[in-house]
Each structure stands twice: as structure tokens, then as C-alpha cells.
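The values are calculated or read from the model by the stated rules, or taken from the named source; none is laboratory data. Quick caveat: nothing in here was measured; it's all calculated off a predicted structure. Cβ placement follows ideal geometry from the backbone for every residue including glycine, while neighbour counts extend to all protein chains displayed. Protein only, heavy atoms only, side chains kept; ligands, DNA and RNA dropped before computing areas. Shrake-Rupley method; radii C 1.70, N 1.55, O 1.52, S 1.80 Å.
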Amino acid sequence: MGNLLTEKNVTLMQREILLFAAIRDAAETDSLVIDVPSDATADDVLREVAERIPSTQSLLASCRVALDNRYVANTQLLGAAKEIAIIPPVSGG
């Protein structure tokens, strides 16, 4: 499987991805900037993060993507979202 940058022939956009909790710990950063196609989906973000930071791969399957503070389906286009976040499952008492 190739990188998103070589699979799609569309305009690339730099997007900042916010990372929280266990994903932030595994990545050893609270955010990263990735290049994604203009027609990228939430799932494309998860795959690109997994490829760039292998230590996050086992955690990403249970994470959700939020666009502008709203959880979205993995098929959701990023569109003009100002904030993109990857959030692992939350538990508490």
C-alpha cells in the first residue's frame, strides 16, 4: 500500500492534527502537521498518522476523529474543518 501522497492525484493541503491522551503519549507530541489530499477523509488522516508514527498503529483502530469539536464517521471529508483531532476512547468514573 502506497502513501497517500502518491496514491491520489489531487491538490495537497497541510493540516494540523491534534493528538490526545494515549495517542499523544505514543506519538510523543500533542500535534503534528501532515500533507493530505484536498479530498481526504477522517480515515485518510488515521492512515497517514499510522504510517508516519508507527508507535500509534495499535491504538488508532479504537480512536475517533473529531472535526471542529464534533466526532465524525471515518468516511467524512475533512473539508474546511479548522480543527482536526484524534481522540482515543474515554473512560471515567
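What number, rounded to the nearest 500 deg cm²/dmol, is the helix-based mean residue ellipticity at 222 nm of the chain, given -39500 (n - 2.57) per DSSP H run of at least four residues and division by all its residues?
-6500 deg cm²/dmol
Divide the volume of the convex hull of the Cα atoms of the chain by its number of residues and quote the answer in cubic angstrom per residue.
Normalising the Cα hull of the chain by residue number yields 96 Å³.
What does the accessible area of Asp68 come to, in Å² to the nearest 10, when a probe of 1.4 Å is used?
We get 70 Å² for Asp68.
With springs only between Cα atoms under 10 Å apart, run a GNM on the chain and tell me which of Ala40, Ala27, Ala61 wobbles the most.
Top of the fluctuation ranking is Ala61.
Taking Cα pairs under 8 Å and at least six residues apart, what relative contact order does the chain come out at, in percent?
Normalised by residue count, the contact order of the chain is 32 percent.
First compute the accessible area of the chain with a 1.4 Å probe, then give the percent of it belonging to carbon and sulfur atoms.
The computed percentage sits at 49.
In sequence order, what are the phi-derived ³J(HN,Hα) couplings for the range 24-41 according to the Karplus relation 6.51 cos²θ - 1.76 cosθ + 1.60 with θ = phi - 60°, rounded to whole Hz, with x for glycine and proline?
4, 5, 5, 7, 6, 7, 9, 6, 8, 10, 10, 9, 10, x, 4, 9, 5, 10
Loop-only GluC sites (Glu not before Pro) in the range 21-93, please: DSSP not H, G, I, E or B, and at most 11 other Cβ atoms within 10 Å.
Those satisfying the criteria are Glu28.
Can you compute the charge dipole magnitude of the chain about its Cα centre, using +1 on each Lys and Arg Cβ and -1 on each Asp and Glu Cβ, nothing else charged? Give it in debye, rounded to the nearest 20.
Dipole of the chain, to the nearest 20 debye: 180 debye.
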